[in-house]
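Enquirer: My structure is below; once you've seen it, I'll send some questions.
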Amino acid sequence: MGPKSEIANIELAPSGEKKIHWASAHMPVLNYLIAGYEQTKPLKGFTLGLCLHLEAKTAYLAHALKCAGANVVACASNPLSTQDDVVAAMVKAGITVFAVHGSSPQDYERYLSMVLDWEPQIIIDDGGDLVSLAHATRPELVKKIIGGCEETTTGVTRLRSMAKEGALEFPMISVNDANCKYLFDNRYGTGQSTWDGINRTTNLVVAGKCVVIIGYGWCGRGTAMRAKGLGARVIVCEVDPIKANEALMDGHEVMPLAKAAEKGDYFVTVTGNFGVVRGEHFERMKNGAVLANAGHFDVEICKPDLEALSVSRNLIKPGIEAFKLKNGNTLYLLAEGRLVNLAAGDGHPAEIMDMSFALQALCVEYLSRNTLPPGVHPVPFELDQQVASLRLEALGVEIDTLDPQQVKYLNSW
Ligand code: ADE
């Protein structure tokens, strides 16, 4: 046993339950898995430590894992993405949760530590904070953890760097790198939810404006594609010549940020790096430019530079802060530079998280049945295909199959 839940207010549960119910009705793959889990309870006896964005779809994943027989203990992977009503509903449903929306960095880490107090055998992480804290503070526990799954690009980058140094002591499955994750969640999920967060917060038009997307990985591609669909002129800033070529052929303009800075009405960072948009860029921006980040950490837009260049800062409304610069211009920072789709929105659409979280559930089950060596492991291809097939089945979409002669032909080379 570990500590009891610490949340904002259990009375908020009815509102959270409604959100979870709505999401669950749009997560057919997870529902299919739940139906099986209720019969077979494959995770009975396991304690799972989740460090994820605590909103409705995540709550439904936690529910699925509980249906599979696991003891589920959760904390937030970002203090601003926590929805207190959803968390209350999770606790009411028998999940242990340590999370309060807007918690201080100290409480954020204390909550992660409380999850580790439960001594989970399997971890699901989003961004790498829980795995990192376990390695930094719990040498005994780390030896007992049988493995974990990582949800996001930033987390996988951190894990690979740990593994390269020989510092990763248990196996981690890079769910982010599965086809049914990055092709849909990173591209269509981030593409839609980033603009949802920006639009619902600013309530400004995108059509006819200039959108600068910084970073053209899968998340950047999706965000640029949706900006174009909303009628924006899109400029992409990249450091990778291959991705820059791809952006050109996708119909976007490509140029360095130093040049794009004076053209953009919106700037969206999706790089996974730090100090991407900084003083030299802020000084060149147009009056009224909007700054948003869709990367995991709030370090892509350099907030210290923005503060240093400003004569005043003013909260216009929740999620929008105005920085009046010494040069007379005002720049608007959304959601404190934290990931705008979750800190100023509800995250990716339910149908998309259905695929990502079905992969998570299947990979947890896989870890419970298999012993893997320490290191970063890909999602087994059969699980990736299983999620794709289940989703098509749920949508009633049929596809063709190869006949034996065709299989023979392909294999005869
Ligand atoms: N909802 C839960 N986890 C999420 C994530 N990593 N990205 C977007 N929406 C989410």
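A short reminder: the numbers here are calculations on the coordinates, not readings from a lab. Predicted model, so just to flag it, every value in this text is computed and none were measured. Neighbour counts run over all protein chains shown; Cβ positions are idealised from the backbone, glycine included.
Enquirer: Hey, with R₀ at 51 Å, roughly what FRET efficiency would GLU262 and ILE399 work out to, going by the Cβ-Cβ distance, to 0.05?
Expert: The computed FRET efficiency comes out at 0.60.
Enquirer: May I ask you to list the aspartates and glutamates whose Cα is less than 17 Å away from that of LYS57, ignoring any residue fewer than eight positions away on the same chain?
Expert: Hits, sequence-local ones excluded: GLU17, ASP84, ASP85, ASP125, ASP126, GLU150, GLU151, ASP185, ASP196, ASP346, GLU351, ASP354.
Enquirer: Ranked highest first by average number of other Cβ atoms within 10 Å, how do 23-30, 149-156 line up?
Expert: In decreasing order of mean packing, 23-30, 149-156 become 149-156, 23-30.
Enquirer: Hey, can you rank 247-253, 120-126 by average C-beta count inside 10 Å, highest first?
Expert: 120-126, 247-253
Enquirer: Magnitude of the Cβ-charge dipole of the chain, K/R +1 and D/E -1, about the Cα centre, nearest 20 debye?
Expert: The calculation lands at about 580 debye.
Enquirer: Let me ask something else. In whole Å, what is the distance between the alpha-carbon centres of the range 329-387 and the range 302-321?
Expert: 30 Å
Enquirer: Return the lysines within reach of LYS324: Cα separation strictly under 24 angstrom, same-chain partners fewer than 8 residues apart disregarded; answer none if there are no such residues.
Expert: LYS209, LYS259, LYS263, LYS286, LYS303
Enquirer: Which residue, LEU168, LEU12, LEU315, has the most motion in a Gaussian network model of the chain that connects Cα atoms within less than 10 Å?
Expert: Highest fluctuation among the options: LEU315.
Enquirer: Enter the angle in degrees (range 0 to 90, nearest 10) between the Cα long axis of helix 28-40 and the first principal axis of the Cα atoms of the chain, meaning the one along which they spread out most.
Expert: In the chain, helix 28-40 runs at an angle near 30 degrees to the longest axis.
Enquirer: In the neighborhood of LEU12, defined by Cβ-to-Cβ distances under 12 Å, what is the net charge if each Lys or Arg adds +1 and each Asp or Glu adds -1?
Expert: It works out to a net charge of -1.
Enquirer: Could you give the distance between the Cα centres of the range 42-98 and the range 199-270, to the whole Å?
Expert: The range 42-98 and the range 199-270 have Cα centres spaced 35 Å from each other.
Enquirer: What relative contact order, as a whole-number percentage, does the range 254-405 give when Cα pairs under 8 Å and 6 or more residues apart are counted?
Expert: Reported relative contact order: 16 percent.
Enquirer: For an R0 of 22 angstrom, estimate the FRET efficiency from the Cβ-Cβ distance between GLN406 and GLN385 and round to the nearest 0.05.
Expert: 0.75
Enquirer: So how tilted is helix 56-67 from the main axis of the chain? Cα-based, degrees 0 to 90, rounded to 10.
Expert: 10 degrees
Enquirer: Which trypsin sites (Lys or Arg not before Pro) in the range 294-400 pass both tests, a DSSP loop state and at most 15 other beta-carbon atoms within 10 Å?
Expert: Taking the range 294-400 and a limit of 15 other Cβ atoms within 10 Å, the loop trypsin sites (Lys or Arg not before Pro) found are LYS326.
Enquirer: Remind me, relative contact order of the chain in percent, using alpha carbon pairs under 8 angstrom and six or more residues apart?
Expert: After rounding, I find 17 percent.
Enquirer: Ranking VAL73, VAL211 by Cβ neighbours within 10 Å, fewest first, what do you get?
Expert: Going from least to most buried by this count: VAL73, VAL211.
Enquirer: What residue among THR271, THR330, THR194 has the largest mean-square fluctuation in a Gaussian network model of the chain, using Cα springs under 10 Å?
Expert: THR330
Enquirer: Calculate how many DSSP beta bridges within the chain are antiparallel, expressed in % of all such bridges and rounded to the nearest 5.
Expert: In the chain, DSSP labels about 20 percent of beta bridges as antiparallel.
Enquirer: Using just the helices of the chain, give the 222 nm mean residue ellipticity in deg cm²/dmol: DSSP H runs with n ≥ 4 each add -39,500 (n - 2.57), and the total is spread over all residues, rounded to 500.
Expert: -13000 deg cm²/dmol
Enquirer: So if each residue of separation counts as 0.36 nm, and I subtract the Cα-Cα distance between ARG369 and ALA35, what length gain in nm does that give?
Expert: Answer, rounded to one decimal: 118.3 nm.
Enquirer: According to a simple spin-label model (label point 7 Å from Cα along Cα-to-Cβ), what is the distance in nm between VAL205 and ASN287?
Expert: Between ASN287 and VAL205, the simple spin-label model gives 2.0 nm.
Enquirer: Dipole of the chain (Lys/Arg Cβ +1, Asp/Glu Cβ -1, origin at the Cα centre): which of LEU306, GLN360, GLY337 lies farthest to the positive side?
Expert: LEU306
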